[in-house]
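Single-structure report; data block below.
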Amino acid sequence: MNTYFMRELAQMANAKLKGRDDLQVQHLLYDSRNVFSPVDSLFIAIAGDRQDGHQFIDILYQRGVRCFLISKWQDSFDNMKDASFLICKNAIIALHEIATHHRKRFNYPVVAITGSNGKTVVKEWIFQSLNGISRIVRSPKSYNSQIGVPLSVWQMNENYDVAVFEAGISHVNEMHKLESIIRPEIGIFTNIGDAHQEHFNSLEQKVQEKLLLFKNVEKLVFCNDHHLIRDAVNRQTEVKTFTWAQHTNADVVVLSVNRLPEQTHISYLYHNLSSDFTIPFSDLASFENAMHVLCLLLLLDVPRSVISERLRQLSSVGMRLEMKTGINNCTIINDSYNSDLGSLSIALDFLAQQNQHKKRSIILSDLLQTGRDEAALYNDVSELLKLGCVNTIYGIGTALMRNKDKFNMEKFFFVSTDDFLKHIDRERFRNESILIKGARNFEFERISKTFEEKQHRTVLEINLNAIVFNLNYFRTLLKPETKVLVMVKALSYGCGTYEISNVLQHQRVDYLGVAFTDEGIALRRSGINLPILVMNPESGTFDNMIDNNLEPEIFDLSNLLLLDNVLQQKNKKNYPVHLKFDTGMHRLGFSNDELLVLLDHLTTLKTIKVCSVFSHLAAADESQHDSFTLSQIQLFDEMSSRLISKLGYSVIRHICNSSGTERFKEAHYDMVRLGIGLYGISALNQLNVQNISSLKSYVAQIRNLDQSETVGYGRKGRLSRPTRIAIVPVGYADGLDRRLSNCKGSLFVSDIPAPIVGNICMDMCMIDITDIHGVVLGDMVEIFGINQSVTNLADTLETIPYEILTGISQRVKRVYFHE
């Protein structure tokens with residue numbers, strides 16, 4: 001981590017220092033709601049058009065922040081004797097100065113990306129392509145603004161050897177400021193379009209402004225077919241270029257592009273040598289983004305064979321979307337972040353991934369900041385909605401009302417958000433996916449709240465990006481041909497079955513695994529068409545299982561014969577089944593002694609075909625049992641080899657669960673089964689995977705009690721001092737284990753542990769906040785998440801993370817994020 005004394009930052013920022021000069025800073029904080037580490041954070045008080053950061057300084061001080069960058073002095077600051085203030089004329093300019101001086105400390109290559117679209121995707125694909133080859137620091141999310149860029153550059157330290165940063169502008173005279181901060185050696189200009197065009201006289205002017213980012217680069221990557229960029233670059237003869245093109249001369253010439261339903265195959269010529277690669281996407285934007293990544297990899301002398309392999313493994317880049325259960329069996333997708341055509345296209349793509357409803361609707365605001373002709377703009381919007389198979393549009397805004405004739409679908413238009421909320425009948429929305437897409441100033445969060453099914457403010461937040469990250473981590477451990485089965489039983493370990501399954505289907509896993517037939521049927525009804533393995537098929541459900549194309553695990557001879565009988569009645573042949581071998585778990589499965597009898601039956605049955613054979617490792621996550629695990633693997637190898645030899649056809653073999661996948665690569669066979677690892681628990685190193693879920697509630701009431709008082713049922717919460725307690729509306733009916741009562745467990749407020757006082761109740765609990773300053777009604781309380789992992793909570797309870805995750809009640813609202 002970077003550490004600076006406040007006196008050093010004062011010099012870097014050209015600011016006056018008032019207060020302590022010996023405080024140290026590691027983190028830069030500009031959003032008062034996101035206090036991560038108050039002790040060593042510098043809060044940047046930005047005086048914006050809508051909010052002034054200075055008004056939150058008192059609250060932040062109470063929460064433990066002691067370092068502030070300000071442009072206004074207030075009388076209340078005089079009382080903060082142990083604080084330190086950097087006083088400047090403009091906080092953003094001072095932030096730029098700090099980042100500029102910090103950047104000068106490092107000499108490794110810095111790549112800067114700008115353009116109208118694709119910046120984040122190109123940045124993330126560069127990371128995916130170089131990760132493991134180089135140590136990369138990159139912009140978090142889409143941090144490409146006058147604030148985001150310096151915050152990104154602040155991440156640079158000696159642990160990295162390549163940096164990749166985005167830079168975006170919406171006004172003239174902005175890019176030169178970002179250039180002085182980033183000081184890139186390699187530039188990538190993705191494309192040029194009309195996003196944020198309103199503050200530029202022309203596209204040519206915007207190109208010239210964006211090119212200021214690259215005035216000192218050693219190489220500039222861009223597509224030579226973009227004539228506006230090409231012509232502008234050619235006028236600056238000092239810029240050295242590295243170009244690609246399909247229709248003009250370039251350093252990298254595209255020979256052919258073959259777009260297939262789920263992939264694109266590209267051939268290219270470089271240094272008079274032809275090569276090719278495949279990306280797992282079929283849209284034109286992905287092709288263009290991949291070509292920019294290719295050029296950078298070639299510039300960095302990455303071998304072409306490695307380039308081809310890395311590009312083949314590219315994965316989707318997340319979007320800022322929030323998905324939750326809506327009223328009347330609807331699914332709500334909230335994307336009230338911005339309103340340009342590019343982000344609308346992305347949101348519609350996510351909407352199309354939701355297969356649980358046949359009907360799709362959009363609540364859409366006017367598109368702002370495009371600078372385009374209005375009629376042409378909404379013609380394009382209409383075409384996008386058609387491509388997205390949207391059935392109904394609810395348009396909000398005067399521009400949409402003026403252009404309502406362009407939409408040939410069921411349509412309703414409203415002047416404002418207030419007008420919509422006043423006149424809309426919520427009962428008309430049933431069994432459909434609803435995309436809520438609008439600019440921030442339309443306050444569409446009001447609409448989102450109106451359409452939510454559950455208002456319980458205790459929520460389980462699930463990060464769909466983290467699911468994808470974890471999946472990709474495990475995929476990096478596998479050979480390309482090794483298949484992946486993901487367990488989604490028990491509501492995907494409490495996280496939500498069809499929501500997680502939709503993501504996994506989009507990520508093209510090979511199989512899903514459920515415990516019971518009913519779970520598989522629910523997935524089929526939600527539009528999941530992946531092969532589904534039923535791990536515990538009860539014989540009475542065989543009819544429904546077959547009717548829904550579900551594939552059973554067979555673990556004993558009686559079930560095999562019962563299934564054969566049902567299949568004969570249905571006149572089915574070669575129905576896929578999955579055989580379970582018991583190699584030492586001693587739970588379910590055919591033992592080695594039963595193998596000969598099983599093989600005799602399999603050779604006579606015409607109704608089934610063995611799709612896979614598998615076993616279960618009993619202790620793959622515990623190194624003290626490795627010799628036993630290896631004996632299981634050896635026995636499985638012997639038994640499965642005998643089976644395949646007798647059957648005379650190929651069969652998928654799998655024995656590794658998540659921990660086995662990480663620790664026993666020699667046993668990956670043809671497929672692995674991912675369970676708890678996908679949900680954020682690693683057997684090797686917890687840093688390998690990302691936490692996917694956070695259980696949160698809030699402070700509903702605060703009470704000041706004398707030390708003679710008791711708290712909760714049975715008067716178990718006995719106080720030893722005057723105590724300030726907060727009542728939190730989460731209890732054992734929500735999944736908060738009663739064993740955490742009476743100070744055994746803690747919840748987190750402002751990133752500080754607050755012990756649970758007294759017995760946990762059915763619907764609420766009480767926590768001690770005496771030592772946490774500044775807690776107010778409505779403050780967020782974390783049960784598990786960033787501060788307290790599921791693993792740590794399980795350790796406190798002397799149980800396993802599975803029990804924690806699957807114990808979260810269904811009354812707790814699930815909210816899904818796709819960044």
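Just a few scattered comments:
- Tabulated pairs, region 170-182, first modelled with pLDDT of 90 or more, second among the basic types (K, R) and open to solvent by 30 Å² or more (accessible area, probe 1.4 Å), C-beta under 8 angstrom, 6+ apart or interchain: E179/K215
- Residue match in region 745-757 (condition: open to solvent by 10 Å² or more (accessible area, probe 1.4 Å) and over 18 Å from E782 (Cα atoms)): no
- Verdict on E309 being open to solvent by 30 Å² or more (accessible area, probe 1.4 Å), modelled with pLDDT of 85 or more and either closer than 15 Å to K437 by Cβ or in a helix (DSSP H, G or I) (or both): yes
- Residues of region 762-819 satisfying the condition of being part of a helix (DSSP H, G or I), touching a residue at least 12 places away in the same chain (Cβ under 8 Å) and open to solvent by 30 Å² or more (accessible area, probe 1.4 Å): T791, T796, Y802, T806
- Restricting region 59-82 to residues that are among the charged types (D, E, K, R) and open to solvent by 60 Å² or more (accessible area, probe 1.4 Å) leaves a set whose member that is nearest to V749 (Cα to Cα) is K81.
- All helices (runs of 4 or more DSSP H) inside region 442-522 with 1 or more residues being under 21 Å from S659 (Cα atoms): 464-476, 489-494, 497-506
- Scanning region 241-264 for residues that are more than 18 Å from L284 (Cβ to Cβ) and surrounded by fewer than 12 Cβ atoms within 10 Å (Cβ to Cβ) yields a single hit, N249.
- Within region 461-510, the only residue that satisfies the criterion of being hydroxyl-bearing (S, T, Y), farther than 24 Å from T806 by Cβ and open to solvent by 50 Å² or more (accessible area, probe 1.4 Å) is T476.
- The criterion of at least 2 residues that are at pLDDT 90 or above and either hydrophobic (A, V, I, L, M, F, W, C) or within 21 Å of V122 (Cα to Cα) (or both) is met by the following strands (runs of 3 or more DSSP E) wholly inside region 313-391: 359-365.
Residues checked against (1) within 32 Å of the chain's Cα centre (by Cα); (2) of a type in the set (V, I, T):
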{"residue": "G48", "(1), (2)": "yes, no"}
{"residue": "I57", "(1), (2)": "yes, yes"}
{"residue": "C67", "(1), (2)": "yes, no"}
{"residue": "I70", "(1), (2)": "no, yes"}
{"residue": "F77", "(1), (2)": "no, no"}
{"residue": "F85", "(1), (2)": "no, no"}
{"residue": "P109", "(1), (2)": "yes, no"}
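- Any hit, region 654-664, residues being more than 20 Å from M585 (Cα to Cα), basic (K, R), open to solvent by 10 Å² or more (accessible area, probe 1.4 Å) and in contact with a Leu (Cβ under 7 Å, 6 or more places away or on another chain): no
- Enumeration of residues in region 216-249 that are among the small types (G, A, S) and modelled with pLDDT of 95 or more: A245
- Test: residue in region 349-365 that is open to solvent by 60 Å² or more (accessible area, probe 1.4 Å) and polar (S, T, N, Q): no
- Residue that is buried (at least 20 other Cβ atoms within 10 Å of the Cβ), over 26 Å from the mean Cα position of the chain (by Cα) and part of a loop (DSSP other than H, G, I, E, B), where the choices are V217, V207, V172: V217
- Matching residues in region 265-293 - criterion: being over 20 Å from S116 (Cβ atoms), open to solvent by less than 50 Å² (accessible area, probe 1.4 Å) and outside any strand (DSSP E or B): P280, S282
- Screening region 704-734 for residues that are among the basic types (K, R) and loosely packed, with under 13 Cβ neighbours inside 10 Å and picking the one that is farthest from M780 (Cα to Cα) gives R715.
The values are calculated or read from the model by the stated rules, or taken from the named source; none is laboratory data. As the structure is a prediction and not an experimental result, all values here were calculated from the model. A quick note on method: Cβ atoms are made from the backbone with ideal geometry, for glycine too, and the neighbour counts reach across all protein chains shown. Ligands, DNA and RNA are excluded from the accessible area calculation, which covers all protein heavy atoms including side chains. Shrake-Rupley method; radii C 1.70, N 1.55, O 1.52, S 1.80 Å.
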